[in-house]
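The values are calculated or read from the model by the stated rules, or taken from the named source; none is laboratory data. Keep in mind the model is a prediction, meaning the values are calculated, not measured. Here Cβ is always computed from backbone atoms with ideal geometry, including for glycine, and neighbour counts include all displayed protein chains.
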Amino acid sequence: MQISVPLVNDLLPDEYGKYAPANEMLADHPIKSFPIKISDAPAGTKSYALVFIDFDSTPVCGFTWIHWLAANIPATMTEIPAGASRNANGQFVQGKNSNAGPLVNGDDRIIQGYVGPQPPDKNHDYTLTVYALNTTLPLDDGYWLNEFLHAAKGHVLAEAKATLPSRA
């Protein structure tokens with residue numbers, strides 16, 4: 001399985017991160033998710049799930065930052081369009097990001113779904129992992145990453161990763 005996300009000069013385009021236009025920000029956070037193309041999924045794929053995280057955040061805030069969790073994306077949706085997180089309209093479920101954690105005290109409007117990169121110190125490498133699953137998972141909107149990991153156990157047919165750098 002392969003995934004691709006368009007980059008500009010080897011960076012995630014500004015519209016999906018820290019330098020997004022004002023109309024794509026909410027509570028001072030970028031909210032327009034980037035497009036993803038999925039190809040060569042294995043036979044038997046019933047749904048996809050994705051995890052978008054920032055391991056480079058650990059020295060800054062003390063933990064890996066979760067930017068986007070989505071699951072039960074239909075296997076027929078091999079092109080997830082830009083802005084899908086805020087325009088999902090029930091097509092898939094989305095989990096809580098790190099703004100939902102008690103250490104962050106995030107705004108309720110941005111604790112679930114996509115919140116884009118905002119590296120404070122230097123360019124960060126963000127990791128997107130897309131999973132091909134043999135089922136839909138018993139998850140509801142607002143699930144946590146650990147709930148996904150437990151539910152997906154034994155159902156992952158393939159996974160693909162991409163590193164998406166974003167500028168500080």
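Are any residues in the stretch 101-142 of a type in the set (A, V, I, L, M) and at pLDDT 95 or above, and if so, which ones?
Correct list: I110, I111, V115, L128, V130, A132, L133, L137, L139.
Quick check on the stretch 54-67. Is at least one of its residues in contact with a Phe, Trp or Tyr (Cβ under 7 Å, 6 or more places away or on another chain), modelled with pLDDT of 95 or more and of a type in the set (A, V, I, L, M, F, W, C)?
There is no residue in the stretch 54-67 that is in contact with a Phe, Trp or Tyr (Cβ under 7 Å, 6 or more places away or on another chain), modelled with pLDDT of 95 or more and of a type in the set (A, V, I, L, M, F, W, C).
Give the stretch 23-56 a look and list any residue that's part of a loop (DSSP other than H, G, I, E, B) and of a type outside the set (A, V, I, L, M, F, W, C), or say none.
D28, K32, S33, P35, D40, P42, G44, T45, K46
Do any residues in the stretch 25-50 that are closer than 18 Å to P6 by Cβ and in contact (Cβ under 8 Å) with a residue 24 or more places away in the chain have Cβ atoms under 7 Å from those of residues that are in a loop (DSSP other than H, G, I, E, B) and of a type in the set (F, W, Y), where the two are at least six apart or on different chains, and which pairs are they?
S33/Y114
Could you check the stretch 57-168 for strands (runs of 3 or more DSSP E) lying wholly inside it with 2 or more residues that are surrounded by fewer than 16 Cβ atoms within 10 Å (Cβ to Cβ)?
So the answer is 124-133, 156-166.
Filter the stretch 141-161 down to residues that are over 13 Å from V51 (Cα atoms) and either of a type in the set (A, V, I, L, M, F, W, C) or in contact with a Leu (Cβ under 8 Å, 6 or more places away or on another chain) (or both), then give me how many there are. Full working, then the answer.
Restricting attention to the stretch 141-161, the residues satisfying the condition of being over 13 Å from V51 (Cα atoms) are 141-142, 150-151, 153-158.
Filter once more, keeping what is either of a type in the set (A, V, I, L, M, F, W, C) or in contact with a Leu (Cβ under 8 Å, 6 or more places away or on another chain) (or both): 151, 155-158.
Within the stretch 141-161, residues that are over 13 Å from V51 (Cα atoms) and either of a type in the set (A, V, I, L, M, F, W, C) or in contact with a Leu (Cβ under 8 Å, 6 or more places away or on another chain) (or both) number 5.
So is A41 in contact with a Leu (Cβ under 7 Å, 6 or more places away or on another chain) and aliphatic (A, V, I, L, M) or not?
no
Can you tell me which of K32, K18 is within 23 Å of G90 (Cα to Cα) and among the basic types (K, R)?
Testing whether each residue is within 23 Å of G90 (Cα to Cα) and among the basic types (K, R) leaves just K32.
Pairs, please: C-beta under 8 Å, at least 6 apart or cross-chain, first residue over 20 Å from A75 (Cα atoms) and in the stretch 148-168, second of a type in the set (D, E)?
Partner pairs satisfying both residue conditions: T163/D125; L164/D125; P165/D10; P165/D125; R167/D14; A168/D121.
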